[in-house]
1. Those residues that are more than 7 Å from chain C (Cβ to nearest Cβ) and under 8 Å from the mean Cα position of the chain (by Cα), I need them from the range B:250-261; list them, please.
2. Mind telling me which of the residues A:Ile144, A:Ile72 ends up being surrounded by 17 or more Cβ atoms within 10 Å (Cβ to Cβ), without any contact (Cβ under 8 Å) to a residue 40 or more places away in the chain and away from every other protein chain (no Cβ under 14 Å)?
3. Just the residues that are under 12 Å from B:Ile118 (Cβ atoms) and surrounded by fewer than 21 Cβ atoms within 10 Å (Cβ to Cβ), please, taken from the range B:197-208.
4. What's the number of the condition C:Ala241 fails, among (1) part of a helix (DSSP H, G or I); (2) away from chain B (no Cβ under 14 Å); (3) modelled with pLDDT under 85?
5. Quick one: how many residues across the range C:139-194 are out of contact with any Cys (no Cβ under 9 Å at 6 or more places or on another chain) and either of a type in the set (Ser, Thr, Tyr) or on the phi > 0 side of the Ramachandran plot (or both)?
6. Of a type in the set (Gly, Ala, Ser), within 14 Å of chain B (Cβ to nearest Cβ), closer than 29 Å to C:Leu26 by Cβ and in a helix (DSSP H, G or I): is that true of C:Ala221 in this structure?
7. With (1) more than 14 Å from every other protein chain (Cβ to nearest Cβ); (2) buried (at least 18 other Cβ atoms within 10 Å of the Cβ); (3) out of contact with any helix residue (DSSP H, G or I) (no Cβ under 8 Å at 6 or more places or on another chain); (4) not acidic (Asp, Glu) as the list, and A:Asn38 as the residue in question, which single condition is left unmet?
8. Is at least one residue of the range A:243-255 polar (S, T, N, Q) and crowded, with 24+ Cβ neighbours inside 10 Å?
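The values are calculated or read from the model by the stated rules, or taken from the named source; none is laboratory data. Source: prediction; values computed, not measured. Methodologically, a virtual Cβ is constructed for each residue, glycine included, from the backbone with ideal geometry; neighbour enumeration extends over all protein chains shown.
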Amino acid sequence: MTRVPLLSVENLTVQFRGDSGWVTAIEDVSFEIGAGENLGIVGESGSGKSVSALSILRLHGRANTRYASGAIRFGGRDLLSMSERELRKVRGGDIAMIFQDPMSSLNPVLTIAEQIIEPLQLHQGLSSAAARRRAIELLEMVRIADAGRRIDEYPHRLSGGMRQRVMIAIAIACQPKLLIADEPTTALDVTIQGQILELLRDLQREIGMSVVLITHDLGVIAEFAQRVLVMYAGRVIEQAPVAALFNRPMHPYTDGLIDAVPKLDGDLHRLTTIPGSIPDLATVIPGCRFNPRCREAMDVCRRNAPALLPVGPDHLSRCPPRAAARGAA
Amino acid sequence: MLRIVVIRLIQAIPVLLLIAVMAFILMHLIPGDPAVVIAGADAGPAAVERIRHELGLDRPILEQLLSWLVNLGTGDFGRSLVLNQTVLSAVGERLPVTMSLAMLSLAITLPVGVFLGILAAYFRGSWIDAAVMTLALVGVSVPAFWIGILSVILFSVTLGWFPSAGYAPLLANGPGAWLSSLIQPAFILSLFQIGFLARMTRSGMLDVLDQDFIRTARAKGVSEWRTVGRHAFRNALVGVVTVAGIILSLLIGGSVVIEQVFALPGIGRLVVQAILARDYPLIQGTMLLFGFAFVVINICVDLIYLWVDPRVRYD
Amino acid sequence: MTDLALGSNRPLELAERRRFLALRKLAAHRSFKIGLLIVSVLVLAAFIGPWLTGIDPTSMRIRNKFKPPSDQFLMGTDNYGRDVLTRVLYGGQLSLGIGFFVALLSGIAGTIVGVVAGHFRALDAYLMRVMDALLAFPAILVAIGIGAALGPQATSIVVALAVAYVPRTARVVRASTLVIREMEYIEAARVSGASNLRIIVKHILPNCLGPLTVQLTFVFAYAILAEAALSFLGIGPPPPAPSWGNIIAEGRDHAVEAWWIMLFPGIAISLAALGMNLLGDGLRDVLDPRLKIES
């Protein structure tokens with residue numbers, strides 16, 4: 001890639017304080033995202049995808065988190081070494097974020113207006129009247145009917161889907177260059193999920209922002225992302241353009257994820273699931289972290305920690321046996 | 001708003017009635033005979049009997065209760081047996097003292113307690129947190145009147161900073177004298193509630209600081225100060241209001257003993273004197289007043305909820 | 001059927017396991033240990049101490065009056081020349097005893113009211129209304145009223161304070177009862193024909209015990225403080241037999257020239273209440289994990 005990425009995460013390792021010392025939550029995570037690009041990050045819960053997303057804006061609790069190594073470059077600066085004060089200008093300004101649970105992500109005792117106006121005044125210095133006009137526009141942009149009246153209501157009067165729209169309105173208030181969406185549709189009804197994704201896509205076109213979409217749902221990824229990062233147990237295990245990932249998955253774990261997506265075409269074949277579950281952060285697994293659940297595990301997988309290797313154009317995988325098979329083919 | 005107040009007051013009537021009856025029964029349990037007290041030690045049995053008849057104490061208890069309740073309905077709280085004034089005027093005379101004391105203590109307790117509680121929650125596990133929790137523990141472990149006496153010895157007798165006893169009415173003596181007569185007892189009363197309020201504020205804030213919307217505020221670029229003070233505290237306020245109501249009741253209760261230490265002529269002192277003198281009408285009247293204050297405080301707390309928490313609706 | 005047999009065994013085993021775990025947690029709880037240490041030392045001092053010093057707490061030697069703390073009189077002497085240390089030690093018997101019996105009595109009465117209100121729903125509204133009305137007065141006023149009614153004796157103080165704190169214990173017991181009576185195994189017991197009494201004794205009471213114990217340690221602390229306040233107001237246990245409260249009350253008149261008379265019993269009261277509060281905090285953390293606002 002020759003273009004200068006909008007954001008690049010380089011060898012990021014993040015640790016949390018546990019009952020007995022520091023526990024590594026994500027290790028050596030690297031990815032980049034270009035201007036206007038959509039990146040999907042996929043994995044089961046506990047894979048480290050949300051940890052990675054929250055790390056970009058350093059939103060983990062300060063006392064119990066250590067950004068042990070790496071850098072997060074954005075506009076030529078490292079977000080990890082910025083002062084809190086500088087970082088606050090980025091948060092909600094150039095980089096905005098929406099979260100999984102819209103029911104609990106809005107402040108229950110502040111009106112919608114107060115919550116949308118806040119970033120407008122902080123980052124753009126708008127007067128209250130101007131901020132209010134802009135807030136109504138934003139609510140209209142996220143397709144909330146009767147925005148002029150809704151704006152003075154409290155969150156508990158809105159449905160889940162409406163609240164997520166409000167969250168999106170808050171996030172795009174200052175026309176960010178990057179929107180990080182952490183499982184934005186997980187807590188919503190299926191019909192609403194589609195609407196929210198569509199809204200995100202439309203807004204992205206209007207504003208020209210990049211989106212990092214975090215999800216456990218490969219179906220959502222297929223619809224939305226251009227490139228995909230697959231995470232497992234705190235590591236990136238595969239990275240590829242979306243078509244390549246679905247057509248030629250290069251990691252057994254990705255196979256499993258794809259098989260677990262219900263398909264409407266084809267026969268009524270059984271939904272397969274990946275046996276076992278993601279290991280606890282503190283558990284030490286020698287070799288490849290996926291090997292206890294992997295059907296194709298070999299001796300080498302139990303001995304050596306695999307590296308992330310190129311297996312095709314813009315395609316990386318952390319499964320040496322697959323990479324070797326591909327090289328041989 | 002007004003409708004809610006009226007409804008609450010009407011709902012409170014049975015409780016107040018019950019309080020009135022209990023006050024009455026409680027006081028008639030006292031075996032001493034007020035007629036003997038009033039007549040004096042060397043009065044003959046005839047004199048005692050005459051006084052007893054004048055006071056209506058020779059009538060059956062149920063009849064006394066009923067006539068007391070009927071009179072209450074017309075706003076007549078009766079006459080004090082000892083003080084030679086009506087219960088209402090005795091109470092009215094002393095109410096400003098207790099109200100001044102309670103309000104001044106509340107004015108000290110609320111900001112200090114809330115601020116300390118927020119600090120303790122935000123700097124959880126730090127020395128500030130430990131200090132607040134210790135203060136809370138001391139507040140429920142040390143006798144207030146004892147600290148009061150020690151404080152008088154230190155600040156009034158030895159250092160001479162404050163008057164050791166007595167009350168200077170606001171209107172007659174001006175705000176300076178008024179404040180200096182109250183600041184020491186008010187501060188001591190507060191000392192015992194600040195820790196409690198801080199502890200409650202702390203636990204409320206700890207719950208809120210873990211919530212998703214705090215992360216949302218940070219993600220918007222809101223400063224820590226504003227995140228804690230506006231986004232978090234506005235949510236913790238609901239709990240703080242409840243505790244503030246409890247604290248006001250505790251302050252009124254605590255004033256009973258503190259007024260005695262500082263010789264403040266308030267309701268607390270009045271009620272203790274009344275109980276010791278077997279002054280039935282005065283005891284019943286003041287007890288009713290305490291009960292009424294409790295009911296009013298609860299209504300105020302409910303009303304403040306409406307204002308603080310948009311999710312609360314009384315219909 | 002094997003399932004059923006297992007089901008009937010399980011609650012017992014669970015209860016035993018829980019008790020064991022609770023004990024282990026308590027043994028590791030710092031404030032519980034500190035509280036236990038303070039309370040044990042005070043109890044030992046009050047009940048064994050006087051026997052060691054061998055001085056009569058009421059024996060007066062006017063020649064020795066108002067002696068400040070020294071080698072001979074560690075806590076000085078009072079206006080009658082009595083040894084303050086001895087009086088504080090003896091006073092502990094009365095003050096701690098009052099605290100204990102207040103907790104016991106209000107625990108028993110509160111349990112009866114709470115269980116009846118919680119279990120027999122028809123009576124709930126009436127009983128709790130009375131409790132609310134009682135709560136409307138500052139506890140100290142209720143105690144003053146009843147204390148004055150019953151006359152100046154230690155036992156009347158116990159009764160007065162116990163009545164004053166019954167609404168608080170009753171509320172705790174009622175709350176636990178309400179939770180437990182909705183449990184499925186209570187329904188099962190009722191269906192299988194268990195009497196109300198049996199359900200209360202076998203199921204409800206054991207489950208109220210945790211929160212009740214926590215509440216009673218706090219009542220113990222309140223009672224020690226209230227005894228002192230009542231003595232100060234002139235309604236406490238009468239002299240010359242010492243209690244921590246009446247030593248302070250007597251010492252108050254000489255507080256300026258002989259500060260030690262009221263200083264030391266005050267420290268003893270504070271330590272005792274502190275110890276009980278620490279014990280209570282520890283018990284609450286272990287037995288009653290629901291953190292809630294206590295009035």
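1. Scanning the range B:250-261 gives B:Leu250, B:Leu251, B:Gly254, B:Ser255.
2. Numbers: A:Ile72 fails: without any contact (Cβ under 8 Å) to a residue 40 or more places away in the chain.
It is A:Ile144.
3. Once the filter is applied, which keeps residues that are under 12 Å from B:Ile118 (Cβ atoms) and surrounded by fewer than 21 Cβ atoms within 10 Å (Cβ to Cβ), the range B:197-208 yields B:Ser203, B:Leu206.
4. If we test C:Ala241 against (1) part of a helix (DSSP H, G or I); (2) away from chain B (no Cβ under 14 Å); (3) modelled with pLDDT under 85, just (1) comes out false.
5. 8
6. Numbers: of a type in the set (Gly, Ala, Ser): yes; within 14 Å of chain B (Cβ to nearest Cβ): yes; closer than 29 Å to C:Leu26 by Cβ: yes; in a helix (DSSP H, G or I): yes.
Spelling it out, C:Ala221 is indeed of a type in the set (Gly, Ala, Ser), within 14 Å of chain B (Cβ to nearest Cβ), closer than 29 Å to C:Leu26 by Cβ and in a helix (DSSP H, G or I).
7. (3)
8. Yes; the residues of the range A:243-255 include at least one that is polar (S, T, N, Q) and crowded, with 24+ Cβ neighbours inside 10 Å.
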